[in-house]
Amino acid sequence: MLNISRNPLNRKVDLSRFKSSTHVFNKSYYKYFNRFLAGFAIFGFIVLFLPWTQNITGRGKVTTLTPDQRPQTIQSPIPGSIKKWFVREGEFVKQGDTLLQIEEIKSEYFDPNLVQRTSQQRDAKSLAVKSYEQKVRAQDVRINALRNERVLKLEQAQNKLIQSRLKVQADSIDLEAAKINLTIAETKYDRAKTLFDEEIGALKTVEDTRIKLQETQAKRISQEAKLLASRNDVINAQVEISRIKAEYADKISKAESDKFSAQSSQFDSEAQVQKLENEVTNYSLRNQLMFITAPYDGYIQTALRGGVGQTFKEGEELVGIIPANVDLAVETFVEPIDLPLIHKGEKVRIQFDGWPAIIFSGWPNVSYGTYGGEVVAVERFTSPNGKFRILLKPDPDDHPWPQDVRAGSGAFTMALLDDVPIWFELWRQLNGFPPNYYQPMEVTDTKKK
């Protein structure tokens, strides 16, 4: 009771005779309270020296460990329109099950026998390729025949040239003999004339030697003509050889040109066959794309294109699907200042949204409702929120995660760091210092070695 009145009541009224005053003014009450405060102070001082596990907290969500297990949408690689649906939203499908059937909207694919007609065109071009192959072979036979004939013709012309040269030699010898005979005839004529002039010889002898001289001169002239004719034959033989070479070179070149033309047509036909073969394969695969199938076992999430007859372009989303069997993981985000403290293989405690938990962040052993995780990946660049993304998988040494956890659920994570006293953690938090920098034991042992 505060004595702030100018008329104190305790001087006029005796309070000791009241029962409540005996409890209030009893000095033993203060003794117990002081003992309680002293015990609480001693307990608090002892608590300050208890171990405390430093941690880095973060918010994230449940995802999958591999990208192929995450929810996805199925697109159509070709444009078309929806013809028929075979599934409903929320229905379970197996890998390869047909989800919907589509039909063509492009006029060039309307023909139902397009694959068969293209196959016939391909077969016709294949026959044309074989025909050109036969033509090329025929031209090869023709070229070989011309080359053989050219060899024989050249041999014949060479023989004729040799004969002409030998005839030139024979005619040259005959000419020399005619010249000698002419010299002898002139000598005999001169001798006969001299004897006749000296009246020793007869006139008849002179006339006979003159006739013989004239005959010898005629033979010499005839022999010169034969020699010139033989030399002309040599020139004609050489010209014939050149003519044969030019003639057969022209014939062989023409045959090779025909061969190359046939080969060009053959290669062009083969290219057209390959193109038609490609078109047949593309048309066959396009017919298979008329049915959209499930890529894996999962559940139909959302039909993004409803109704029948609705058209769409290639690459547009048609239906969403969620995998049935996934390896769950948690992606969380940490501040850049805490990134050096996160290492691959570190243990992390996780609280899933919707699962009750009692958490003592510094005493993970007494926390309830948390699950173990292990760091499997640390992003090397910041995310759009300015933090670094960390991927966690279930800890194989801890109890398994709840089976009802779904991808997309929220999660609260605590990365466990070094053990320090509580007073040190309070001092660090008051000063805004980061947690103690440390490295895993395996890395430290390796550096020591």
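The values are calculated or read from the model by the stated rules, or taken from the named source; none is laboratory data. A quick note: this is a predicted structure, and the numbers were derived from the prediction, not measured. A quick note on method: Cβ atoms are made from the backbone with ideal geometry, for glycine too, and the neighbour counts reach across all protein chains shown.
A few notes on this one:
- The criterion of at least 1 residues that are more than 30 Å from E91 (Cα to Cα) and in the same structural domain as G386 (by TED's automatic domain parsing) is met by the following strands (runs of 3 or more DSSP E) wholly inside the range 281-348: 328-334.
- When L304, L328 are checked against the criterion of being over 28 Å from the mean Cα position of the chain (by Cα), hydrophobic (A, V, I, L, M, F, W, C) and at pLDDT below 85, a single residue qualifies: L304.
- Some residue of the range 119-140 being out of contact with any strand residue (DSSP E or B) (no Cβ under 7 Å at 6 or more places or on another chain) and closer than 21 Å to E314 by Cβ: no
- Subset of the range 248-269 that is in contact (Cβ under 8 Å) with a residue 24 or more places away in the chain, in contact with a Phe, Trp or Tyr (Cβ under 9 Å, 6 or more places away or on another chain) and of a type outside the set (A, V, I, L, M) - its residue that is farthest from E314 (Cα to Cα): Q263
- Index of the failed condition, G90 passing every other in (1) over 24 Å from V326 (Cα atoms); (2) loosely packed, with under 12 Cβ neighbours inside 10 Å: (1)
- Sole residue being more than 23 Å from Q69 (Cα to Cα), at pLDDT 85 or above and among the charged types (D, E, K, R), chosen from K347, K387: K387
- Among the conditions (1) aliphatic (A, V, I, L, M); (2) assigned to a helix (DSSP H, G or I); (3) at pLDDT below 85, the only one that L228 does not satisfy is (3).
- Positions within the range 144-159 being surrounded by fewer than 17 Cβ atoms within 10 Å (Cβ to Cβ) and either in contact (Cβ under 8 Å) with a residue 40 or more places away in the chain or not assigned by TED's automatic domain parsing to the domain that holds K259 (or both), in sequence order: R147, E149, L154, Q158
- Filtering the range 45-104 to residues that are of a type in the set (A, V, I, L, M), part of a loop (DSSP other than H, G, I, E, B) and modelled with pLDDT of 85 or more leaves I78, V87.
- Scope the range 70-98; condition more than 22 Å from R406 (Cβ to Cβ) and more than 30 Å from the chain's Cα centre (by Cα); matching residues: S81, I82, K83, K84, W85, F86
- Put simply, of A225, A177, A237 the only residue that is among the hydrophobic types (A, V, I, L, M, F, W, C) and under 30 Å from N148 (Cβ atoms) is A237.
- If only residues of the range 264-285 that are crowded, with 16+ Cβ neighbours inside 10 Å and not small (G, A, S) are counted, the one that is nearest to N148 (Cα to Cα) is Q266.
- The single residue among A178, A170, A218, A246 that is aliphatic (A, V, I, L, M) and within 60 Å of the chain's Cα centre (by Cα) turns out to be A246.
- Residues being assigned to a loop (DSSP other than H, G, I, E, B) and of a type outside the set (S, T, N, Q) - total across the range 105-137: 5
- Output for the range 187-213, where each listed residue is in a helix (DSSP H, G or I) and surrounded by 15 or more Cβ atoms within 10 Å (Cβ to Cβ): K188, Y189, A192, K193, F196, T205, V206, T209, R210, K212, L213
- Exactly one residue out of V141, V136 is crowded, with 17+ Cβ neighbours inside 10 Å, of a type in the set (A, V, I, L, M) and more than 20 Å from Q310 (Cα to Cα), and it is V136.
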